[in-house]
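> The following block contains the structure, expressed as structure tokens.
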Amino acid sequence: MDHGGEDRIGGLPDELLHAILARLGSPSSAVRTGVLSRRWRHLWAPLPELVLGGYPLDAPLPPPPPPPLAAFLDAVDAALAACAAPTLELLYISPPPGVDYGRAGGGVPAGRLEPWLRFASERVVGTVLLLVPPPPDAAAGRGEAAALDLPACEGVTTFDLSLEGDWRLRPSPAGVFRVLTDLRILSCRIEASELAALVSTQCPCLTDLTLTSVALENVSDLSIRSDSLRSLSFSVRNTQRLEIVAPRLEKLSVSGTIPEARISAPKLAEVEWPHTFYNPQRHQFDDVGRRLRVLELGLNASLMQRFDEVDELKLAMFIPQGIAAYQKFLNETNNLSKCKILTVSSGWVYHGLVPGMMHLLRSCSSTRKVFLRDTSNYAMRQPCMPECPCLLEESHRIDDISLSSLEEVEITSFTSYHGALEFLEQLSRCNASILKKIVLKHNTISALPPTKEVCEKILGMWQPNIEVESYLFLDQDWVRLY
């Protein structure tokens, strides 16, 4: 435009140029238009979104080498200082992948990061996504966590805070997150009293809360009381006793070690308890009904005895070696919750897939769909002791199995199809009068897919009115074999 010709675009009003920049699809593209002319250099500043760092989707390939940490910090400070928008709908700050944090002693002091948080508290009226670099190693070497103060952000609606390294998060006791609905905190230390105050009193509109890899400063009791919370994902170490009082809570996911818990949530409809020990005397569900939409359980399946009916029951069955472990599995799953959909993720290394699945199906007279995800490593299968219950003839019986409601079975194999084939052979002998569809999926590069002869054998197990489909996962998509 500086070659004697008329700069027609540069002569357009600022309002129209801002509209053009907004249509570029990403703030990083808008910033790069500054190379066109001096006038364009700061045109991006009033835009309502500010994305700093990361790796933009429209960036060229291969990606450029990441800048040194100091250069990235300077660039963020300069961009925040130059931002002319009175309010922002989005603030995204993340060090580019592979950024050099420097040699030993490297990292970012809290004093360099807290202005970013103050900027968010003063200017953002929408979403904040912030990945905090690790603190200097000096504090970590003394066994201390560097403290990072979190101010109240009255205009922020969604806050995603991921912290690298050993940070101790200190929410300000003053002020409220007046319109915050979604809060996600990843990896930090925090005092139990401060976390309780943040969630229970400082976020009056909070609906979705995710706490991942968070640790209380000391082994403590923690109380979460919220009239607005609808979804809670909880993974907080050092929790001695967890109390949740949330009259609108619909979805709860708990992981980690929690010796005691009391949960009062009359609208609870989805529970994920995949890796947490459950003891009915120590983990109490008060004011919770006996029917759920979804119940997901792991090694300890006894929680399902708390609920009579579940729309979808998800079980992760990885049974340890030994007779006692298999007997424990039988005892905990003798009476499954009545369910419409049963999803089983299995890793049967020490016991047979077929007797375990037959045991589960004995409680599935009302189940309409069964999904089996078989991750068993058959090459590593260990033989059971002769007296193991999984080898007894009664474990393979089918005359006491009624699948009168079963309409569809889907099996996904991740290592070998042999376990699925054995299960299908036994299933074909069961009473499943309204079964309509069998779907087989083979998702592995470590073993060959079923041969044509095996596919014909599978087809021959079923009546012609039952639809049988087989798929192979190739090039990031499912390809139908037959």
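The values are calculated or read from the model by the stated rules, or taken from the named source; none is laboratory data. Predicted, not measured: the structure shown is a model, and the values here were computed from it. Please note: Cβ atoms are built from the backbone with ideal geometry, for glycine as well, and neighbour counts cover all protein chains shown. Protein only, heavy atoms only, side chains kept; ligands, DNA and RNA dropped before computing areas. Shrake-Rupley method; radii C 1.70, N 1.55, O 1.52, S 1.80 Å.
> With the requirement that a residue be among the acidic types (Asp, Glu) and either surrounded by 18 or more Cβ atoms within 10 Å (Cβ to Cβ) or part of a strand (DSSP E or B) (or both), what does the range 303-321 give you?
Glu309, Asp311, Glu312
> Go through the range 213-241 and count every residue that is more than 15 Å from Thr257 (Cβ to Cβ) and hydroxyl-bearing (Ser, Thr, Tyr).
The number of residues fulfilling the criteria is 5.
> Of the residues Asn218, Asn238, only one is more than 24 Å from the chain's Cα centre (by Cα) and closer than 30 Å to Ala147 by Cα; which?
Just a single option satisfies the conditions, and that option is Asn218.
> Also: Any residue in the range 413-433 that is farther than 21 Å from Val354 by Cβ, surrounded by fewer than 19 Cβ atoms within 10 Å (Cβ to Cβ) and modelled with pLDDT of 85 or more?
Within the range 413-433, one or more residues are farther than 21 Å from Val354 by Cβ, surrounded by fewer than 19 Cβ atoms within 10 Å (Cβ to Cβ) and modelled with pLDDT of 85 or more.
> Could you say which residue among Thr343, Thr333, Thr276 is over 21 Å from Thr367 (Cβ atoms), among the β-branched types (Val, Ile, Thr) and in contact (Cβ under 8 Å) with a residue 12 or more places away in the chain?
Exactly one residue qualifies, and that residue is Thr276.
> Kindly provide the set of residues from the range 221-243 that are open to solvent by 60 Å² or more (accessible area, probe 1.4 Å) and not in a strand (DSSP E or B), ordered by number.
Asp227, Arg230
> When you scan the range 370-392, do you find a residue that is under 25 Å from Arg429 (Cα atoms), over 27 Å from the mean Cα position of the chain (by Cα) and among the aromatic types (Phe, Trp, Tyr), even just one?
Yes: the range 370-392 contains one or more residues that are under 25 Å from Arg429 (Cα atoms), over 27 Å from the mean Cα position of the chain (by Cα) and among the aromatic types (Phe, Trp, Tyr).
> Among Arg230, Arg248, Arg237, which is the only one that is under 28 Å from Ile319 (Cα atoms) and among the basic types (Lys, Arg)?
Checking each option against the conditions leaves just Arg237.
> Mind listing just one residue for me: the one in the range 244-289 that is among the β-branched types (Val, Ile, Thr) and part of a loop (DSSP other than H, G, I, E, B) and, of those, most open to solvent (accessible area, probe 1.4 Å)?
Thr257
> Sticking with this one: Out of curiosity, is Pro135 modelled with pLDDT of 95 or more, over 23 Å from the mean Cα position of the chain (by Cα) and either open to solvent by less than 40 Å² (accessible area, probe 1.4 Å) or among the basic types (Lys, Arg) (or both)?
no
> Follow-up. Could you grab me the full set of residues in the range 147-190 that are within 24 Å of the chain's Cα centre (by Cα) and acidic (Asp, Glu)?
Listed by number, the residues that qualify are Asp160, Glu164, Asp166, Asp182.
> Within the range 309-320, can one find any residue that is farther than 20 Å from Ile438 by Cα and either over 28 Å from the mean Cα position of the chain (by Cα) or charged (D, E, K, R) (or both)?
Yes: one or more hits.
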